[in-house]
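**Q** Pasting a structure below so you can have a look.
The values are calculated or read from the model by the stated rules, or taken from the named source; none is laboratory data. All values derive from a computational prediction rather than experimental measurement. No Cβ is skipped: glycine too gets one built from the backbone with ideal geometry, and neighbour counts run over all protein chains shown.
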Amino acid sequence: MSSLLKNRLQEERKQWRKDHPFGFYAKPVKAADGSLDLQNWVAGIPGRDNTIWENAVFPITLTFPDDYPSKPPKVKFPAGFYHPNVYPSGTICLSILNEDQDWRPGINLKQICLGIQELLDTPNPDSPAQEPAWRAFGKDRPNYEKKVLEQAKKYTK
Amino acid sequence: MSQGIELPTYFPISEHVLPDFEGLRSNSNALNELRETQSEILKAANTYFESLFPEDSSVQWNVEESGNVEIIKSLLESFEKLSRAQQQTKFYNDVFETTRSAVRNRARNEPELSLRNIDMYKKADPDKKSFSQLLEERLSNPPTFKVNSNNPDFIFLKNATFVIDHPLDPLPDEEEDDDLQIGGGKIDLKCPISMNIFESPMLSKKCSHTIDQKSLFGIWKSPNSTEDCPILGCSKTLRRADFVPDRLMALRVKSYKAQQERLENAEDYDRLE
């Protein structure tokens, strides 16, 4: 692990433990030998109050590549997650997580998590990543909301 | 007694003195002297700041609460005066040079005054002015001289005392138009790339974002490469050359560290008691 990568991820962890937005969690996973695997994290994104995403915390995984922070982390919901901008694999389609779009080395974990929380209730209809949620969001809103509420139940906090 | 010849109010400079006239130069030395004195003042300020936060940590830091205000204030005043003096000198030089060449060019089309053409000059435009009259007229209407508020040295000196006393607070006049500061936020003394406390903070002149020099060289691998500003949402494209040392941020870090040290020492002292 390069020193920049290691140092940055250690600092991200320190910073997050010291101060993070309310209702979120984020931590590196434990490797088989019990040590922390700083390049793989799990985190939870709470749905905003007064939206169809409220009262649930949605789990994500973050994989930090060897050339992070030059390259963005890969961020995924569980496979099959219902959202117009989430691929069937669970990969999140968000401009700040795309190296060819708005990813910048100065974007930190907190900004990523807040960006994903924002995306939950404000999907971008111009970048569809899956058929069902995208179609329902555009053409059958009641059905879309029903599906989102059902999914939220699975992740009730 | 014969009647004397009455000279016209205006006639061109005689060919005999033209070479001398062309040789007149404004004083560019004065401007250099002023610039040098101004950089001496900056050096004095820097020496003073360095003495406040000695590198050798065994030396007790010696910032008196607001005791440094007066010294910096008088340095700032001198700095401003010198800025105005430079502008004045430059204004004088510019007016002098442009007037001299205007008068010289005018003389090219005017024949030397002689008994044959004296009447022509007597009938000419009575408002036509001599060099000294023109110079006086142009100099009598100086613009207002004041320090360019974007001058980085001025910004540094003006805000140095504030950041020493409030290392984590945004500059007072920035708070209003900086809508990115949420809830009167604090200044982050950490590089957004390495997330370590700044060692050699570098400021982008184009967008005022600060990153550490190490991170800068990590992103801009060669002097000519262009990269997006590494800060979320910033749309500026930058080169290494767009960065200058962020002196205020460096001062914030020094002052913050000194404050922390003082707090620790105070705690040790409390424990001893």
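**Q** How many residues, within segment B:224-273, are among the hydrophobic types (A, V, I, L, M, F, W, C), more than 24 Å from B:D153 (Cβ to Cβ) and in contact (Cβ under 8 Å) with a residue 60 or more places away in the chain?
**A** The total comes to 0.
**Q** Have a look at B:K43, B:K81 and point out the one that is at pLDDT 90 or above and exposed (fewer than 14 other Cβ atoms within 10 Å of the Cβ).
**A** The match here is B:K43.
**Q** Considering only segment B:219-257, how many residues are within 12 Å of chain A (Cβ to nearest Cβ), out of contact with any Ser or Thr (no Cβ under 8 Å at 6 or more places or on another chain) and either of a type outside the set (D, E, K, R) or surrounded by 12 or more Cβ atoms within 10 Å (Cβ to Cβ) (or both)?
**A** Result for segment B:219-257: 6.
**Q** A follow-up question, please. Please work out which residue is nearest to the other protein chains (Cβ to nearest Cβ), limiting yourself to segment A:107-133 and to residues that are farther than 15 Å from A:K76 by Cα and part of a helix (DSSP H, G or I).
**A** A:Q111
**Q** Mind listing whichever residues of segment A:1-21 are more than 10 Å from every other protein chain (Cβ to nearest Cβ), of a type in the set (D, E, K, R) and either in contact with a helix residue (DSSP H, G or I) (Cβ under 7 Å, 6 or more places away or on another chain) or part of a loop (DSSP other than H, G, I, E, B) (or both)?
**A** A:D19
**Q** Residues that are assigned by TED's automatic domain parsing to the domain that holds B:N93, at pLDDT 90 or above and under 30 Å from B:E36 (Cα atoms), at least 3 per element: which helices (runs of 4 or more DSSP H) completely within segment B:105-183 meet that?
**A** Here the list reads B:131-139, B:152-165.
**Q** Could you tell me how many of the residues in segment A:25-46 are touching a strand residue (DSSP E or B) at 6+ places or on another chain (Cβ under 6 Å) and more than 19 Å from A:Q10 (Cβ to Cβ)?
**A** 3
**Q** Select from segment B:189-215 the residues that are out of contact with any helix residue (DSSP H, G or I) (no Cβ under 8 Å at 6 or more places or on another chain) and more than 10 Å from chain A (Cβ to nearest Cβ) and write down the one among them that is surrounded by the most Cβ atoms within 10 Å (Cβ to Cβ).
**A** Only one residue tops the list, namely B:D212.
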